[in-house]
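J.: Submitted below is the structure of interest, expressed as structure tokens.
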Amino acid sequence: MNTIDEIHELYARGELSPAELIAITRERIEAEEPELNAFINLFLDEAEEQANALGKPPEPMPPLWGIPFGVKDNICYQDHETTCASRILLGYRPPYTATALRRVLEAGAIIVGKTNMDEFAMGSTGEYSYFGPTSNPLNKDHVPGGTSSGSAAAVGAGLVPFALGSDTGGSVRQPGAWCGVVGFKPSYGRVSRYGLIAFASSLDQIGVISRSVRDSLRVFLVMGGYDPMDSTTSRMPLPSEQEIIRLHRETKLRVGLPREYFGQGTDPEIADAVMEGAMLLEKDGYTLKEISLPHTRYVIPCYQIVVAAECSSNLARFDGIRYGFRAEGTSSLEEIYVKTRSEGFGPEVKRRIAAGAFVLSAGYQDKYFLRAQKVRRLIRRDYDDAFKEVDVILSPTFPVPPVKKGESLADPLAVYLMDTLTAAANLAGIPGISVPGHPDSRGFRPGIHISAPYMGEETMFIAALRLEELQNHPDSRAP
């Protein structure tokens, strides 16, 4: 599947039409989907009708005109089933569309389906879905990563040019890295969360998975910005695409390399791929500097306490009374609650709800939840201090390569530890993007993660665009 700009060029020259592209998309999905399992629901007939209704390309062409895309199944789409990949929401059809999705649709994009995911966005492998696991398009014996597993797999397999996902602790960037595509998470408050079914409200963000950095930039600028329906959105103006494109070759930034991210636990080939990217930037005029993020070792304990507490609160609404699945054979209100939640939620969701109820319980809230909030401030301060010395931070997106299906299900704690390098950006609220590195010996493309200060998307995209260009140059491989 081509990039958005390439598709628009074909449209403008009359060599392709939206209807023809949707027909190609249908063929690819029908060929790949039985083994890939990237989608929960497909709307191909609707997509075909929308494409036929578009007619000839307008002048100027809207930024996403005629571009097919997928949407993670925790983002509400009016009158279309939205399940969060959970039995408990089977049959739920939202009465409204999420703001971010609505803006993408208004920019001319065509939704082809809701993508598979870890249930309620809880997991790191793409295996915790009521609808079955998703396969990695680079090697179908492996997982694609989670929780935006279907979105990453659909883009990685070339089924769609981009897809929307959600990122609570790395759930857009990590599957992007494992599927060899770009995964972008904005600063907290840059994109409206209205219509995103909540997992952990202080961490969740809607992000983009795409085949190029510029495509992620374009989609971000379409869906971002202030939303009166979400009081946490910022009124700060979004950056200019033209300005970023103009500056990305001539701007030379200071790059921080956190020593804590390259030590024990990080796969050597992944570390090498990141350092190779850093060397390319240095050769291009960037300045490299080793930095320290001293509270990195506390990221996972802090993150897991915060997400467990918030998910326990957010998921209390799913009780079998108002919407979705309701267990049969009950004789009392309490039995409806217990049986519905026992049958409706999967094992990972139950684990996190139980942990959250514990850390919020009387006698333990101060010991766990309030202490985690204090540690969160220290993690944010680490970034504030680091960005006084550097403009962006370069690191591995994920410390390990994709695992085989089934390998991690027996050890949930090991899965939690996988989020160490991505969850810190969510705790601090800063933007992050994963750019594919050069292929390793296993055939995967390790993710190179670039983060920037809060609301620093412009700086982050400047570095990411330049890194992508340098890596795509035929002479970019180190001898």
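J.: Assuming residue 65 fulfils every condition listed in (1) free of Cβ contacts under 8 Å to residues at least 60 places away in the same chain; (2) open to solvent by 50 Å² or more (accessible area, probe 1.4 Å); (3) not aliphatic (A, V, I, L, M) apart from one, which condition is it?
T.: All conditions are met except number (2).
J.: Let me ask another. Only one residue in 85, 23, 100 is under 26 Å from residue 229 (Cα atoms), open to solvent by less than 60 Å² (accessible area, probe 1.4 Å), part of a helix (DSSP H, G or I) and in contact with an Asp or Glu (Cβ under 9 Å, 6 or more places away or on another chain), so which one is that? If you could, list the steps in order and put the result at the bottom.
T.: Details: 85 fails: part of a helix (DSSP H, G or I); 23 fails: under 26 Å from residue 229 (Cα atoms).
Of 85, 23, 100, the one residue that is under 26 Å from residue 229 (Cα atoms), open to solvent by less than 60 Å² (accessible area, probe 1.4 Å), part of a helix (DSSP H, G or I) and in contact with an Asp or Glu (Cβ under 9 Å, 6 or more places away or on another chain) is 100.
J.: Also, quick follow-up: Could you tell me which numbered condition residue 161 fails, if it satisfies all but one of (1) out of contact with any Leu (no Cβ under 9 Å at 6 or more places or on another chain); (2) more than 28 Å from residue 21 (Cα to Cα); (3) open to solvent by less than 10 Å² (accessible area, probe 1.4 Å)?
T.: For residue 161, the failing item is (2).
J.: Could you list, in sequence order, the residues of segment 351-381 that are in contact with a Phe, Trp or Tyr (Cβ under 8 Å, 6 or more places away or on another chain), of a type in the set (A, V, I, L, M) and open to solvent by 40 Å² or more (accessible area, probe 1.4 Å)?
T.: 360, 378
J.: Sticking with this one: Taking the conditions exactly as written (without any contact (Cβ under 8 Å) to a residue 40 or more places away in the chain and within 28 Å of residue 140 (Cα to Cα)), does residue 410 satisfy them or not? Give the steps one after another, and end with the answer.
T.: On the way: without any contact (Cβ under 8 Å) to a residue 40 or more places away in the chain: yes; within 28 Å of residue 140 (Cα to Cα): yes.
Answer is yes for this residue.
Yes/no matrix, rows are residues, columns are (1) open to solvent by 30 Å² or more (accessible area, probe 1.4 Å); (2) in contact (Cβ under 8 Å) with a residue 40 or more places away in the chain; (3) part of a loop (DSSP other than H, G, I, E, B):
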site: 184; (1), (2), (3): no, yes, no
site: 187; (1), (2), (3): no, yes, yes
site: 194; (1), (2), (3): yes, yes, yes
site: 203; (1), (2), (3): no, yes, yes
site: 206; (1), (2), (3): no, yes, no
site: 230; (1), (2), (3): no, yes, yes
site: 238; (1), (2), (3): yes, yes, yes
site: 244; (1), (2), (3): no, yes, no
site: 251; (1), (2), (3): yes, yes, yes
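J.: Take segment 322-341 and flag every residue that is outside any loop (DSSP other than H, G, I, E, B), of a type in the set (A, V, I, L, M, F, W, C) and surrounded by 15 or more Cβ atoms within 10 Å (Cβ to Cβ). If you could, list the steps in order and put the result at the bottom.
T.: Just the residues of segment 322-341 that are outside any loop (DSSP other than H, G, I, E, B), to begin with: 333-341.
Those still in the list that are of a type in the set (A, V, I, L, M, F, W, C) too: 333, 336, 338.
Across segment 322-341, the qualifying residues are 336, 338.
J.: Can you confirm whether residue 94 is in contact (Cβ under 8 Å) with a residue 40 or more places away in the chain, out of contact with any helix residue (DSSP H, G or I) (no Cβ under 6 Å at 6 or more places or on another chain) and open to solvent by less than 10 Å² (accessible area, probe 1.4 Å)?
T.: On the way: in contact (Cβ under 8 Å) with a residue 40 or more places away in the chain: yes; out of contact with any helix residue (DSSP H, G or I) (no Cβ under 6 Å at 6 or more places or on another chain): yes; open to solvent by less than 10 Å² (accessible area, probe 1.4 Å): yes.
Answer is yes for this residue.
J.: I've got another one for you. Which members of segment 1-53 meet the condition of being among the polar types (S, T, N, Q) and either at pLDDT below 95 or within 30 Å of residue 141 (Cβ to Cβ) (or both)? Even if it seems obvious, please write down each step before you answer.
T.: Initial filter on segment 1-53 (among the polar types (S, T, N, Q)): 2-3, 17, 25, 37, 41, 50, 52.
Selection gives 2, 3, 25, 37, 41.
J.: Of all the residues that make up segment 213-223, how many are closer than 20 Å to residue 111 by Cβ and either open to solvent by 10 Å² or more (accessible area, probe 1.4 Å) or assigned to a loop (DSSP other than H, G, I, E, B) (or both)?
T.: Filtering segment 213-223 down to residues closer than 20 Å to residue 111 by Cβ leaves 215-216, 218-223.
Filter once more, so that each one left must be either open to solvent by 10 Å² or more (accessible area, probe 1.4 Å) or assigned to a loop (DSSP other than H, G, I, E, B) (or both): 218, 221-222.
The number of residues fulfilling the criteria is 3.
J.: Let me confirm something: among 42, 54, which residue is open to solvent by 20 Å² or more (accessible area, probe 1.4 Å) and touching a Pro at 6+ places or on another chain (Cβ under 7 Å)? Break it down stepwise before answering.
T.: On the way: 42 fails: touching a Pro at 6+ places or on another chain (Cβ under 7 Å).
Just a single option satisfies the conditions, and that option is 54.
J.: If I go through segment 68-82 residue by residue, how many of them are in a loop (DSSP other than H, G, I, E, B) and either open to solvent by 10 Å² or more (accessible area, probe 1.4 Å) or among the basic types (Lys, Arg) (or both)? Before you say what the answer is, go through the steps one by one.
T.: The initial filter retains those residues of segment 68-82 that are in a loop (DSSP other than H, G, I, E, B), namely 73-74, 76-82.
Adding the requirement that they be either open to solvent by 10 Å² or more (accessible area, probe 1.4 Å) or among the basic types (Lys, Arg) (or both) leaves 77-81.
Final tally of qualifying residues: 5.
J.: Another question, if that's okay. Given the options 285, 256, 277, name the one that is over 30 Å from residue 89 (Cβ atoms), of a type in the set (Gly, Ala, Ser), in contact (Cβ under 8 Å) with a residue 40 or more places away in the chain and outside any helix (DSSP H, G or I). Reasoning before the result, please.
T.: On the way: 285 fails: in contact (Cβ under 8 Å) with a residue 40 or more places away in the chain; 277 fails: outside any helix (DSSP H, G or I).
Only one candidate qualifies: 256.
J.: Anything in segment 306-316 that is under 15 Å from residue 426 (Cβ atoms) and within 21 Å of the chain's Cα centre (by Cα)? List them, or say none. Steps first, answer last, please.
T.: Taking segment 306-316 and keeping what is under 15 Å from residue 426 (Cβ atoms), we get 306-311.
Once the filter is applied, which keeps residues that are under 15 Å from residue 426 (Cβ atoms) and within 21 Å of the chain's Cα centre (by Cα), segment 306-316 yields 306, 307, 308, 310, 311.
J.: Given the condition touching a Pro at 6+ places or on another chain (Cβ under 7 Å), surrounded by fewer than 17 Cβ atoms within 10 Å (Cβ to Cβ) and within 24 Å of residue 377 (Cα to Cα), answer yes or no: does some residue in segment 258-265 qualify? Steps first, answer last, please.
T.: The initial filter retains those residues of segment 258-265 that are touching a Pro at 6+ places or on another chain (Cβ under 7 Å), namely 261, 265.
Cutting the leftovers down to surrounded by fewer than 17 Cβ atoms within 10 Å (Cβ to Cβ) gives us 265.
Adding the requirement that they be within 24 Å of residue 377 (Cα to Cα) leaves none.
The answer is no; no qualifying residue exists.
J.: Here's a follow-up. Being closer than 15 Å to residue 171 by Cα, part of a loop (DSSP other than H, G, I, E, B) and not small (Gly, Ala, Ser) is the filter here; which residues of segment 110-132 pass it?
T.: Of everything in segment 110-132, those that are closer than 15 Å to residue 171 by Cα, part of a loop (DSSP other than H, G, I, E, B) and not small (Gly, Ala, Ser) turn out to be 116, 117, 118, 122, 125, 127, 128.
The values are calculated or read from the model by the stated rules, or taken from the named source; none is laboratory data. A quick note: this is a predicted structure, and the numbers were derived from the prediction, not measured. Methodologically, a virtual Cβ is constructed for each residue, glycine included, from the backbone with ideal geometry; neighbour enumeration extends over all protein chains shown. Side chains are part of the model used for accessible areas, which takes the heavy atoms of the whole protein and leaves out ligands, DNA and RNA. Shrake-Rupley method; radii C 1.70, N 1.55, O 1.52, S 1.80 Å.
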